[in-house]
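> Before I ask anything, here is the structure I am working with.
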Amino acid sequence: MAYNLLKGKRGIITGALDANSIAWKVAEKVSEEGASIVLTNAPIAMRFGDINKLAEKTKSQVIPADATDVDDLTNLFNKSQEILGGKIDFVLHSIGMSVNIRKNIPYVESNYDYFMKGIDVSAMSLHKMLSVAMKLDAMNEWGSVVALTYMAAQRTFPFYTDMADIKAMLESITRSFGYHYGKQKKVRVNTISQSPTKTTAGTGIKGFEDFFNYADALSPLGNASADACADYCVTLFSDLTKMVTMQNLYHDGGYSFTGVSSEIMQKFQS
């Protein structure tokens with residue numbers, strides 16, 4: 001059921017790879033709520049995904065962009081405004097990559113070239129994106145930027161290796177840039193700390209299935225789905241959350257504040 005919460009708004013959705021992507025679900029939801037959008041992803045990711053199918057479904061255009069490249073981001077914001085007919089109201093940053101995780105390199109043995117690549121792609125890209133948008137004055141007042149993160153930025157999950165540090169940086173950029181963008185243009189910047197979610201990227205992490213089941217058993221409401229995360233993004237893009245900024249918002253069924261659940265305790269009963 002749609003409520004027209006984003007009627008007349010213009011947005012940029014990054015990172016939609018396939019129908020399992022949170023960004024894909026967000027693109028569908030914001031379109032249902034009346035927004036006009038542009039889709040973007042790195043050229044190499046576009047070759048392996050189905051983004052053109054999503055573009056057809058949401059009646060949107062695709063602008064290839066490397067989120068680590070300031071020139072590409074400048075082109076993205078300029079072209080998006082041309083296509084959509086005005087300044088941008090919301091942006092979803094759904095960009096993350098760790099070569100160390102892909103190659104199963106333990107945290108204490110991290111390849112630092114890979115580590116720096118992960119920082120640039122997954123965290124610094126948000127800073128670059130916000131900086132470009134601010135310099136171009138590309139966003140409307142009371143605009144909203146949401147980046148996807150994970151609770152490994154606060155707690156240690158051994159399998160998340162260098163991405164834990166990278167997400168911590170992402171959240172720090174949200175607070176720091178959120179202050180300046182709010183002061184200058186009343187643009188709000190937040191992160192959503194999502195439950196383990198069965199995306200193409202998530203399921204590629206070693207041991208993901210076991211941890212997904214653990215988190216589901218610990219959370220009083222169970223794991224939040226990609227569809228539910230998309231609904232939450234809609235609220236943060238809407239005018240109903242104008243005074244929410246610089247926040248890391250947990251969307252995890254209560255996992256982040258649950259010490260232990262009865263289901264997990266039962267597994268240890270003698």
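> If packing is taken as the average count of other Cβ atoms within 10 Å, what order do 135-145, 30-40, 213-223 fall into, highest mean first? Could the numbers behind the result be given before it?
Values: 135-145: 18.6, 30-40: 23.1, 213-223: 16.6.
So the order, starting with the most tightly packed, is 30-40, 135-145, 213-223.
> Mind checking the full-extension length gain between LYS135 and PHE257? Use 0.36 nm per residue of separation minus the Cα-Cα distance, one decimal, nm. Spell out each step's value before the answer.
Details: separation 122, 0.36 × 122 = 43.92 nm, distance 3.87 nm.
Using 0.36 nm per residue and subtracting the Cα-Cα distance, I get 40.0 nm.
> How do the peptides 254-260, 5-11 rank, highest first, by the average count of neighbouring beta carbon atoms within 10 Å per residue?
On the way: 254-260: 13.6, 5-11: 19.3.
The peptides rank, most packed first, as 5-11, 254-260.
> Between helix 70-84 and the chain, what is the angle of the helix's C-alpha long axis to the longest principal axis, kept within 0 to 90° and rounded to the nearest 10?
So the inclination is approximately 60 degrees.
> How far is it, in nm, from the label point at ASP227 to the one at ALA19 when both lie 7 Å from their Cα along the line to the Cβ?
The answer from the label model is 1.2 nm.
> Enter the angle in degrees (range 0 to 90, nearest 10) between the Cα long axis of helix 22-32 and the first principal axis of the Cα atoms of the chain, meaning the one along which they spread out most.
50
> Report, in deg cm²/dmol and to the nearest 500, the calculated mean residue ellipticity at 222 nm for the chain, where each DSSP H run with n ≥ 4 adds -39500 (n - 2.57) and the sum is divided by the residue count.
Values: 11 runs with 117 residues, N = 270.
Calculated from helices alone, the mean residue ellipticity at 222 nm is -13000 deg cm²/dmol.
> Residues in region 45-79, backbone N under 20 Å from the label point at ASP113 (7 Å along the Cα-to-beta-carbon vector): list them, ranges by number please.
Output list for this probe position: 68-69.
> Amide H neighbours of HIS93 under 5 Å, counting only residues 5+ apart in sequence or on other chains, H built in-plane at 1.01 Å?
Sorted by chain and number, the residues that satisfy this are VAL146, ALA147, LEU148.
Read-outs: derived from the displayed coordinates by stated rules, not from any lab. This structure is a prediction, so every number in the text was calculated from the model and none was measured. A quick note on method: Cβ atoms are made from the backbone with ideal geometry, for glycine too, and the neighbour counts reach across all protein chains shown.
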